[in-house]
Amino acid sequence: MTSGGVSWGLQNRLARLIKPQTKRTVMLAVDHGYFLGPIKGLENPKRTITPLLPYADALMLTRGVLRTSVDPTADVAIVLRVSGGNTIAGPVLGNEDIVTSIRDAIRLNAAALAFSIYVGTPYEHQTLKALAKLVDLGEDYGIPILAVTAVGRELEKRETKYIALACRVAAELGAHFIKTYYTPEFEKVVDALISKDQTRAVMYANEVAELRKVAKSLFLVQVALEQIGLRIESIREIGEVAAYLGPVVGVVKDVREAIKNTLPEIGIELGEIQDILQETVMEAGEMIGVGGVGIYSTPDARKILEEAKVVAEQRMKESFPALPSIPALTPEQAKSTTESG
């Protein structure tokens, strides 16, 4: 045993996951199929995982995908998903238990075991007891336990108060590390300023500024799609398709252009939506004998987009409060920041 009663094996496995030099890890989670099935991008797990292996410190996945889709010679730590027992097709998410034995985890050379807890749901007691049992097994065999703070279908729970509760309970039960959601809080910036650590405060502020850019783009996409959905729901007959969807195609095109640099993956998805809508408009026009339907930036399209930008900006401000003002760095501080980065 090492100091503090933590076994050498457990510490060694944690060091494989969270690099001692950086205190960070890049974990590629591809375990979604255990309750979502063959979702987009994971229809063929091996095809998705293999090209990303060089960039990952760890893989989080089930034993089925591990055995069939990961090269045993790959130099990557394995976080084995051991909870399951429900699917998205069921009446509720959260009815999970331990579905993989500790012996099989050892056979697979797992560096850690992952288990989801559903705090605040009817399955809170069940999943917390299972986590505690898993921690006991992990301590017996020197395998760290990753607690995953799941929310099921209740995405609105991804806020600070709930996340703080779930994480604290998981830690109290002995979880060695925790996978949870990011919440838009800025205590790090404020604390750094209070402690007069101006260099670190600027670094944190820059990170937050990048997050705000991403958040604003996501909100823009969300609001634009909401407006598009309302227009589609208003269509009552084939003759209205071109009139209602023509401007919509223009909105999708403009939103795609606005977010393509910040969120390139979503930009690709929007391109596919644009193609589908454009084809629908053209076919509808042919059916009613109307050719050359306008499908790009009409005044209606620009109006929808401008309204979406206003709402997106408001939502971003509500979720990401303004940062406190930070004095400019001195040349010595700027040099220190550059060297530490």
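Laid out as a table, the results:
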| quantity | calculated |
| --- | --- |
| Number of the exception - THR73 against (1) assigned to a loop (DSSP other than H, G, I, E, B); (2) over 20 Å from the mean Cα position of the chain (by Cα); (3) closer than 30 Å to VAL119 by Cα | (3) |
| Filtered residue count, the range 58-67, keeping only those that are more than 14 Å from ALA105 (Cβ to Cβ) and either out of contact with any Leu (no Cβ under 7 Å at 6 or more places or on another chain) or not assigned by TED's automatic domain parsing to the domain that holds GLY85 (or both) | 1 |
| Considering residues of the range 26-74 that are surrounded by 11 or more Cβ atoms within 10 Å (Cβ to Cβ) and among the aromatic types (Phe, Trp, Tyr) only, the residue farthest from ARG16 (Cα to Cα) | PHE35 |
| Lone unmet requirement of (1) free of Cβ contacts under 8 Å to residues at least 40 places away in the same chain; (2) farther than 16 Å from ILE143 by Cβ; (3) of a type outside the set (Ser, Thr, Tyr) for ILE78 | (2) |
| Residues (at pLDDT 95 or above and among the charged types (D, E, K, R)) located in the range 98-135 | ARG103, ASP104, ARG107, LYS129, LYS133 |
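Yes/no per residue for (1) in the same structural domain as ASP136 (by TED's automatic domain parsing); (2) surrounded by fewer than 13 Cβ atoms within 10 Å (Cβ to Cβ); (3) farther than 15 Å from ALA132 by Cα:
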residue: VAL76; (1), (2), (3): yes, no, yes
residue: LEU80; (1), (2), (3): yes, no, yes
residue: SER83; (1), (2), (3): yes, no, no
residue: ALA89; (1), (2), (3): yes, yes, yes
residue: GLY94; (1), (2), (3): yes, no, yes
residue: ASP97; (1), (2), (3): yes, no, no
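Residue-by-condition table, conditions (1) at pLDDT 55 or above; (2) part of a helix (DSSP H, G or I); (3) crowded, with 18+ Cβ neighbours inside 10 Å:
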| position | (1), (2), (3) |
| --- | --- |
| GLY138 | yes, yes, yes |
| ARG153 | yes, no, no |
| GLU185 | yes, no, no |
| ASP191 | no, yes, no |
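The values are calculated or read from the model by the stated rules, or taken from the named source; none is laboratory data. This one's a predicted model, so the numbers in the text were calculated from it and none came from an experiment. Methodologically, a virtual Cβ is constructed for each residue, glycine included, from the backbone with ideal geometry; neighbour enumeration extends over all protein chains shown.
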